[in-house]
Amino acid sequence: MPRLSYRKALNRALADELARDEEVFLLGEDIRVAASAVTAGLLKRFGPERVRDTPLSEQAFTSFATGAAMAGARPVVEFQIPALLFLVFEQIVNHAHKFPLMTGGQCSVPVTYLVPGSGSRTGWAGQHSDHPYSLFAHVGVTTVVPATPADAYGLLVSAIRCDDPVVVFAPAGAMEVRANVSDPAPVPLGRGRVHRAGDDVTVVAVGHVVHDALAVADELAGEVSVEVFDPRTLYPFDWDGLLASVARTRRLVVVDDSNRSCGIAGEIIATVVEQVRLHAPPQRVTRPDGAVLPFASVLDRAVQPGREQLRHAIHHVSKDG
């Protein structure tokens, strides 16, 4: 069974969709030279008409993608820095996302926004280390955060084929993950995945921290039976899948490498407690309120949620109640 890296999975998904559908094209800054390595080899294979470098004007080329999509194309826009999404929030949310709704479905805007390297990368500091996926889930834009190479491939393929805008956050912490993948295939949007079954505690992990959750679950196997649930899509969220898990375990921990206030972790907890009576108060493991990641690597790591925090949260809900 061949081993596939997360980064190569994204590259393969792009190549497969470019080959499958001539309406798919890529645009972004320095994608011809593959600055993020995700678009490596695609210029040579598909040519400059379908792999297009853009000027340094994110608002301009994001609006261009909206118009191209409304004209029948399927653009994929790469943002190598997650904070660039703050610059184009207007173009994505007020334009691409709302046009189909405000026209009563008379148009579709099939744009995929790919963010390879979202979150912290050593030394990238405050303006390059955000995970702003909760903003897009809040406004109702389809939002996915794959954790594994197979899901990176499958969710990106499904995003490109979707007739609505989709933001794909590929966490920096997952980019070098490798796994055995025999036959990568599309993964349905809006469907979560149980990576590890358990009976005592449900741990919901978003993106690359899925691997931390699995490691902690292995460490605690003799003490606590931990179920690890990966939502994969944050909007629309697989509430049925998560509620089925929590209805069995009656205990909940959410680990999310994003800021605490108004984050997806709080939304997950709120929705679950509205519908399931838990044996213990739920816990969330996140970055602090209003966190801005510093340049210094030791401080960078201190701000991010870690395995020790997760172990403590699991023990806390296991002892309570």
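A few remarks follow.
- When Phe99 is tested against (1) touching a His at 6+ places or on another chain (Cβ under 6 Å); (2) open to solvent by 10 Å² or more (accessible area, probe 1.4 Å), only condition (1) is not met.
- Residue that is among the small types (Gly, Ala, Ser) and under 29 Å from Thr142 (Cα atoms), where the choices are Ala265, Ala296, Ala302: Ala265
- Yes/no for Gly241 being closer than 20 Å to Gly173 by Cα, touching a residue at least 40 places away in the same chain (Cβ under 8 Å) and of a type in the set (Gly, Ala, Ser): no
- Qualifying residue in the range 74-84 (condition: more than 30 Å from Asp289 (Cβ to Cβ), assigned to a helix (DSSP H, G or I), open to solvent by 10 Å² or more (accessible area, probe 1.4 Å) and in contact (Cβ under 8 Å) with a residue 60 or more places away in the chain): no
- Only one entry of Ala185, Ala137, Ala174, Ala150 meets the criterion of being open to solvent by 30 Å² or more (accessible area, probe 1.4 Å), of a type in the set (Gly, Ala, Ser) and under 28 Å from Val272 (Cβ atoms), and that entry is Ala150.
Matching residues to (1) in a loop (DSSP other than H, G, I, E, B); (2) under 19 Å from Asn11 (Cβ atoms); (3) not charged (D, E, K, R):
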position: Arg52; (1), (2), (3): no, yes, no
position: Pro55; (1), (2), (3): yes, no, yes
position: Ala65; (1), (2), (3): no, no, yes
position: Ala96; (1), (2), (3): no, no, yes
position: Pro116; (1), (2), (3): no, yes, yes
position: Arg121; (1), (2), (3): yes, yes, no
position: Ala125; (1), (2), (3): yes, no, yes
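- Pair list, Cβ < 6 Å and 6+ apart or interchain, from the range 99-127 residues that are under 30 Å from Ala34 (Cβ atoms) to residues that are basic (Lys, Arg): Pro110/Arg74
- Matching helices (runs of 4 or more DSSP H) fully within the range 183-293 where at least 3 residues are closer than 27 Å to Pro2 by Cβ and under 22 Å from the mean Cα position of the chain (by Cα): 209-219
- Number of residues in the range 133-168 that are farther than 17 Å from Val206 by Cβ and not in a helix (DSSP H, G or I) equals 5.
- Close pairs from the range 165-191: first within 18 Å of Ser120 (Cβ to Cβ), partner of a type in the set (S, T, N, Q), Cβ under 6 Å, at least 6 apart: Phe169/Ser118; Pro171/Ser118
- Single condition Glu90 does not satisfy, out of (1) touching a residue at least 24 places away in the same chain (Cβ under 8 Å); (2) open to solvent by 50 Å² or more (accessible area, probe 1.4 Å); (3) farther than 15 Å from Leu135 by Cβ: (3)
- Of everything listed in (1) over 20 Å from Thr143 (Cβ atoms); (2) open to solvent by less than 70 Å² (accessible area, probe 1.4 Å), the single unmet condition for Arg277 is (2).
The values are calculated or read from the model by the stated rules, or taken from the named source; none is laboratory data. Computed from a predicted model, the values in this text were never measured in an experiment. Every residue, glycine as well, gets a Cβ built from its backbone with ideal geometry; the counts of neighbours run over all protein chains shown. Protein only, heavy atoms only, side chains kept; ligands, DNA and RNA dropped before computing areas. Shrake-Rupley method; radii C 1.70, N 1.55, O 1.52, S 1.80 Å.
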